[in-house]
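**Student:** Have a look at the structure that comes next, please.
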Ligand SMILES: [Zn+2]
């Protein structure tokens, strides 16, 4: 059952904006350390570290992207605002803070990301 007190139009707009932001973020090319001149071992190591950090950020963005897409599908399906874990309605304030949040506060507490 869909929660009726949620502004689906506003949620959809917020989700579309976040989707666009994430796609831009994920579309940025990763710097290739191989193209840089080798100064020292330390410089090379720091480049590898930066690349790994960049990849970690991308993983987070990709997870968020999936959540945003799932939330948009849920709006279309009429199930938006329902916890994907326990099936109970997600608190309106929680959805307004993070429109793509997939679970209710109780489930999020049980399984932190
Ligand atoms: Zn739940």
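**Student:** How do the pairs read when you match residues in segment 93-110 that are closer than 13 Å to residue 71 by Cβ with residues anywhere that are within 14 Å of the ligand (Cβ to nearest atom) and assigned to a helix (DSSP H, G or I), using Cβ under 7 Å and keeping only pairs 6 or more apart or on different chains?
**Tutor:** Close Cβ pairs (under 7 Å, with a partner that is within 14 Å of the ligand (Cβ to nearest atom) and assigned to a helix (DSSP H, G or I)) amount to 94/105; 101/94; 101/95.
**Student:** So for segment 64-76 (the condition being touching a residue at least 12 places away in the same chain (Cβ under 8 Å), within 16 Å of the ligand (Cβ to nearest atom), under 19 Å from the mean Cα position of the chain (by Cα) and more than 17 Å from residue 111 (Cβ to Cβ)), does at least one residue qualify?
**Tutor:** Yes, segment 64-76 contains a residue that is touching a residue at least 12 places away in the same chain (Cβ under 8 Å), within 16 Å of the ligand (Cβ to nearest atom), under 19 Å from the mean Cα position of the chain (by Cα) and more than 17 Å from residue 111 (Cβ to Cβ).
**Student:** Return yes when residue 51 is without any contact (Cβ under 8 Å) to a residue 24 or more places away in the chain, buried (at least 17 other Cβ atoms within 10 Å of the Cβ) and assigned to a helix (DSSP H, G or I) and no when it is not.
**Tutor:** no
**Student:** From the set of residues in segment 80-92 that are within 13 Å of the ligand (Cβ to nearest atom) and within 18 Å of residue 65 (Cα to Cα), which is surrounded by the most Cβ atoms within 10 Å (Cβ to Cβ)?
**Tutor:** Here the answer is 81.
**Student:** Separate question: Would you check which residues across segment 62-76 are modelled with pLDDT of 95 or more and either in contact with a strand residue (DSSP E or B) (Cβ under 9 Å, 6 or more places away or on another chain) or farther than 16 Å from residue 14 by Cβ (or both) and list them?
**Tutor:** Listed by number, the residues that qualify are 66, 74.
The values are calculated or read from the model by the stated rules, or taken from the named source; none is laboratory data. None of the values given here were measured: they were computed from a predicted structure. Neighbour counts are summed over all protein chains in view; Cβ atoms, including those assigned to glycine, are modelled from backbone coordinates with ideal geometry.
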